[in-house]
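Trainee: After the structure tokens below, expect a handful of questions from me.
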Amino acid sequence: MREVDFQRKPVMAGNWKMFKTSAETRQFFKVFNTLVARVDHCEIVIAAPFVSLVVAVEETAGSPVRIAAQNMHWEAQGAFTGEISGPMVHAVGCNYVIVGHSERRQYFGETDETVRKRTAAALEHGLTPIVCVGERLEERETGMTEDVLTQQLTGALRSLTVEQFSRIIVAYEPVWAIGTGRTATPAIAAEAHEVLRIQAAKQFGEDSAAGLRILYGGSVKPDNVSGLMAESGVDGALVGGASLDPQSMALIVNYSGESF
């Protein structure tokens, strides 16, 4: 197994998207908590739907599992029907929030500017933002991957201080690999992560960039996670469908093959 930089403890995060009722959430954690009770080699994060966040926080109390929201508004309060604010997410007991997921960009009009505003708001309200970036298939095929990743990262982080930057996590999620069964090879993931780290160094300095944790997201499964995690620039995973099953997610958390 690769040597892990103590400043970049891996993060294995599950994103349930629009799945699981409160009852299903309780059932998941009754199994999952037992499977990961002794894990300390990585941080474990589960992003549940808004309506299941309270239950998720309750069920993971005293466990190594932390809970994330899947989105949040940049304003602390106001006339924004249907939205959830950072203070609300924090008050529920969440530690993390996903920001700028490609599905938010694709279906709900998310832009680099709104990602920037959500990221800054998350930090202001004591949450760790998992900031998502990634190229579409046509952008990769036309050689635009580096430009797209640079633009998205720069746009999302341009207003942050070095101190604020030290508290974020970035997730590289190639859109062409999300929910498609297609996974970026470890080499492709590592190359994209290097692009992001180089850009981060330009914005915040090499020392800060060296501490940035960059997760890979896109059809991560128990049978491919070890290869991805073997790359020194891959600091964890943002897992979609495979995170819905507690045994599957536990195997991903246990990517090193060590006993729980």
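Trainee: So I214 fits all but one of (1) crowded, with 18+ Cβ neighbours inside 10 Å; (2) over 18 Å from the mean Cα position of the chain (by Cα); what number is the exception?
Mentor: Failing condition for I214: (2).
Trainee: Could you tell me which numbered condition Q199 fails, if it satisfies all but one of (1) assigned to a helix (DSSP H, G or I); (2) out of contact with any Ser or Thr (no Cβ under 6 Å at 6 or more places or on another chain)?
Mentor: (2)
Trainee: Within region 65-118, count every residue that is farther than 22 Å from T161 by Cα and among the charged types (D, E, K, R).
Mentor: Final tally of qualifying residues: 6.
Trainee: Among all residue pairs at least 6 apart or on different chains, which show Cβ distances below 7 Å where the first residue, located in region 18-29, is surrounded by 15 or more Cβ atoms within 10 Å (Cβ to Cβ) and the second is of a type in the set (S, T, Y)?
Mentor: Listed by first residue and then by second, the contacts come to K20/S52; S22/S52; T25/S52; F29/T60.
Trainee: Of everything in region 9-23, what is more than 14 Å from P246 (Cα to Cα) and over 17 Å from the mean Cα position of the chain (by Cα)? Give them in sequence order. Quick ask: steps written out before the conclusion?
Mentor: First, pick out the residues of region 9-23 that are more than 14 Å from P246 (Cα to Cα): 9-11, 17-18, 21-23.
Those that are more than 14 Å from P246 (Cα to Cα) and over 17 Å from the mean Cα position of the chain (by Cα): T21, S22, A23.
Trainee: A further question on this structure: Out of all the residues in region 58-109, which are exposed (fewer than 15 other Cβ atoms within 10 Å of the Cβ) and within 20 Å of the chain's Cα centre (by Cα)?
Mentor: Listed by number, the residues that qualify are Q106, Y107, F108, G109.
Trainee: Another question about this same structure. I'd like to check something: does region 122-129 contain any residue that is within 16 Å of the chain's Cα centre (by Cα), at pLDDT below 95 and not basic (K, R)?
Mentor: Here is the first cut: in region 122-129, the ones within 16 Å of the chain's Cα centre (by Cα) are 122-123, 127-129.
So of that shortlist, the ones also at pLDDT below 95 come out as none.
Scanning region 122-129, I find no residue that is within 16 Å of the chain's Cα centre (by Cα), at pLDDT below 95 and not basic (K, R), so the answer is no.
Trainee: Here's a follow-up. Pairs only if they're at least six apart or on different chains, beta carbon under 9 angstrom, first in region 55-83 and closer than 15 Å to C94 by Cα, second exposed (fewer than 15 other Cβ atoms within 10 Å of the Cβ) and small (G, A, S); list them, first residue then second.
Mentor: If the second residue must be exposed (fewer than 15 other Cβ atoms within 10 Å of the Cβ) and small (G, A, S), the pairs left are V55/A23; S63/A37; P64/A37.
Trainee: Now for a different question. Do you know which of the residues in region 192-211 that are under 15 Å from I130 (Cα atoms) and out of contact with any Leu (no Cβ under 7 Å at 6 or more places or on another chain) is surrounded by the most Cβ atoms within 10 Å (Cβ to Cβ)?
Mentor: Once the filter is applied, the top-ranked residue is H193.
Trainee: Filter the strands (runs of 3 or more DSSP E) completely within region 33-127 down to those with at least 3 residues that are within 27 Å of S159 (Cα to Cα) and of a type outside the set (D, E).
Mentor: Values: elements: 43-47, 65-69, 96-99.
Passing ranges, in order: 65-69, 96-99.
Trainee: Please go through region 9-68 and give me each residue that is among the charged types (D, E, K, R) and either out of contact with any helix residue (DSSP H, G or I) (no Cβ under 7 Å at 6 or more places or on another chain) or closer than 18 Å to L238 by Cβ (or both), ordered by number.
Mentor: K9, K17, K20, E24, K30, R38, D40, E43, E58, R66
Trainee: Of the residues that sit in region 202-219 and are in a loop (DSSP other than H, G, I, E, B) and at pLDDT 95 or above, which one is nearest to L137 (Cα to Cα)? Write out each step before concluding.
Mentor: Of region 202-219, the ones in a loop (DSSP other than H, G, I, E, B) are 205, 211-212, 218-219.
From what's left, at pLDDT 95 or above: 205, 211-212.
Values: G205: 31, G211: 29, L212: 26 Å.
Result: L212.
Trainee: Give region 217-235 a look and list any residue that's within 23 Å of I98 (Cβ to Cβ) and more than 16 Å from the chain's Cα centre (by Cα), or say none.
Mentor: Going through region 217-235, the residues within 23 Å of I98 (Cβ to Cβ) turn out to be 217-222, 224-225, 228-229, 231, 233-235.
P222, N224, E231, listed by residue number.
The values are calculated or read from the model by the stated rules, or taken from the named source; none is laboratory data. Note that the structure is predicted; figures quoted are calculated from it, not measured. Cβ atoms come from the backbone with ideal geometry, glycine included; neighbour counts cover every protein chain shown.
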